[in-house]
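*Asks:* If you scroll down you'll find the structure; I have some questions about it.
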Amino acid sequence: MAVLLALLTACVYGTADYMGGRATRRVPAVVVTFVGQIGGMAVLAVAALTSGVPVPPLHDWWWSAAAGLVGSTGLLAFYRAMSGGHMTVAAPIAAVLNASIPVVAGLLMGEHPGALALVGIPLALVSIALVSDVLGPGHHRAPRNVVVMAAIGGSMFGLILVFLHQTSDGSGVWPVLIMRFVSTPWMAILILRSRPSFEEVRANRATVFGSGILDSLANWFYVLAVRHGLLSVVSVIVTLYPASTMVLATTVDKERIHRSQGVGILLAAVALVLIAVA
């Protein structure tokens, strides 16, 4: 169950990132993040209020709020990286750090994955590095600010996975909704400071709202997955999400996949099998 939920999370995350990256080509990243999260918060609120799960204790609120703060900051940095038109570079760079942080955290917290999973986890990290095109010309063409913003985004995303893991098993969808209670006002503050234009939101509402709703749903699916499995294992599967981002970028935007990226995809498949069997 944990592997399937983690795979679903990866697919939804990747699609959300692609839609967000597309939206930020015409709409400021802070606007995409803010408006998208409003849409996501509305969906989560309906889910929480109709679930029958009571409001969680203060412990869950603190961890969820921290996840919301780092998550919104990371999403803004990541969207800025994606808006540069280097999706096949920005997404995997973020994924490497996104995967590494929760794996290290899980092991430090005393988790003991099976033998095959211990082989699959580092193999997955290598595959993500290859998919990031560190050996191909695409990586070197990417501007430095794209790499830096992607790295910041990935680090923040990794912390989201760690923080949400600390919430209680019976809290339902509330932790993700609480994230939005914090992240949305934080984005509003940034908007008041920068005063970006909202003119293009209507014309791009499908990608703007779609990115926020799918990102919120992906966080929810992740919470479900990590409650059925180890943080160090689930997080690695989740952070294979650049595969779906890459599929969309190559089929819709005609971005090219280099040889090292192809090898990385094959290694990712092998790693996934090892982790699933374990």
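*Asks:* Can you show me the helix-derived [θ] at 222 nm for the chain, built from DSSP H runs with n ≥ 4 at -39,500 (n - 2.57) apiece and divided by the number of residues, rounded to the nearest 500.
*Replies:* Taken over the chain, the calculation gives -26500 deg cm²/dmol.
*Asks:* Looking at the square roots a ≥ b ≥ c of the eigenvalues of the Cα gyration tensor of region 187-278, which shape do they give, rounded for a/c under 1.5, prolate if a/b is larger than b/c, or oblate?
*Replies:* oblate
*Asks:* Between the alpha-carbon centers of region 44-60 and region 194-268, tell me the distance in whole angstrom.
*Replies:* About 25 Å separates the Cα centre of region 44-60 from the one of region 194-268.
*Asks:* Using the Kirkwood formula on the Cα atoms of region 1-54, what hydrodynamic radius do you get, in angstrom to one decimal?
*Replies:* Kirkwood hydrodynamic radius for region 1-54: 13.0 Å.
*Asks:* Okay, next question. Ranked highest first by average number of other Cβ atoms within 10 Å, how do 223-233, 187-197 line up?
*Replies:* 223-233, 187-197
*Asks:* Counting only protein heavy atoms and a 1.4 Å probe, tell me what percentage of region 145-278's accessible area is made up of carbon and sulfur.
*Replies:* 67
*Asks:* Among Met179, Met156, Ala206, which residue has its Cα furthest toward the positive end of the charge dipole of region 142-206, with +1 on Lys/Arg Cβ and -1 on Asp/Glu Cβ?
*Replies:* Ala206
*Asks:* Follow-up. Run the numbers on the chain and let me know its relative contact order in percent, using alpha-carbon pairs under 8 Å that are six or more apart.
*Replies:* Result for the chain is 44 percent.
*Asks:* Could I ask something else about it? Could you order peptides 158-170, 21-33, 101-113 by the average number of other Cβ atoms within 10 Å of their residues, highest first?
*Replies:* For the peptides 158-170, 21-33, 101-113, the packing ranking is 21-33, 158-170, 101-113.
*Asks:* After finding the eigenvalues of the alpha carbon gyration tensor for the chain, what semi-axes result from the square roots of 5 times each, listed largest first in whole Å?
*Replies:* Whole-Å semi-axes of the equivalent ellipsoid: 26, 25, 15.
*Asks:* Just how large is the dipole of region 193-242 about the Cα centre, in debye to the nearest 20, putting +1 at every Lys and Arg Cβ and -1 at every Asp and Glu Cβ?
*Replies:* Dipole size: approximately 140 debye.
The values are calculated or read from the model by the stated rules, or taken from the named source; none is laboratory data. Only a predicted model underlies this, so the values are computations on that prediction, with no experimental measurement involved. No Cβ is skipped: glycine too gets one built from the backbone with ideal geometry, and neighbour counts run over all protein chains shown. Note: accessible area is taken over every heavy atom of the protein model, side chains too, but ligands, DNA and RNA are not part of it. Shrake-Rupley method; radii C 1.70, N 1.55, O 1.52, S 1.80 Å.
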